[in-house]
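Here is the structure we will look at, set down as structure tokens.
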């Protein structure tokens, strides 16, 4: 009986959202998501610096470029995930293009043979932990909109790049294989998980 009531409640909720889609000011959602993502980066860097006594890793000049690109792609992804219309499309194009450049630059920093390292998986676990909260908050925020695959990808990408940004600043390892398996692959998993979670979630509004 309770399952039938829950199902009926979900149907009524969807119908109500379809009949009265109300758009929220996108700047409010963008600012809230930016605070969440930024707080996770600051907290992770603080843990690495003061708790683990692990200072930021100095990289060549293109390492700084990858950090800037990752931060820019994250910001553009957050804005495109919650904005509407032409603005969303413009920022989405920017976020995807800059995101691809950012990941490529990040991998280029680690170009070369892999050095022996006993704790490779630590990077992957740290990245997943850092991205978990931003991804969850982003998915919940996107339930205020009708499900759109590009919007979900933008939000998931921003959360994934947040974890990658921290590793870009702190990972002491060398080697392209390490960066692909323990940096890029976990970021891809976060992206896929966020998109899948949003696709399965109920939309509380059908604002496009």
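Read the figures in this text as sums done on the coordinates, not as results from a lab. Small disclaimer: the values here were computed from a predicted structure and weren't measured. When we count neighbours, we look across all protein chains shown, and the Cβ atoms used for this are built from the backbone with ideal geometry, even at glycine.
Scoring 79-87, 165-173 by mean Cβ neighbours within 10 Å over their residues and listing the highest first yields 165-173, 79-87. Sorted largest first, the spans of the alpha carbon positions of the range 130-208 along the three principal axes are 46, 17, 15 Å. Available extension along the chain between residue 107 and residue 122 is 3.6 nm, counting 0.36 nm per residue and deducting the alpha carbon span.
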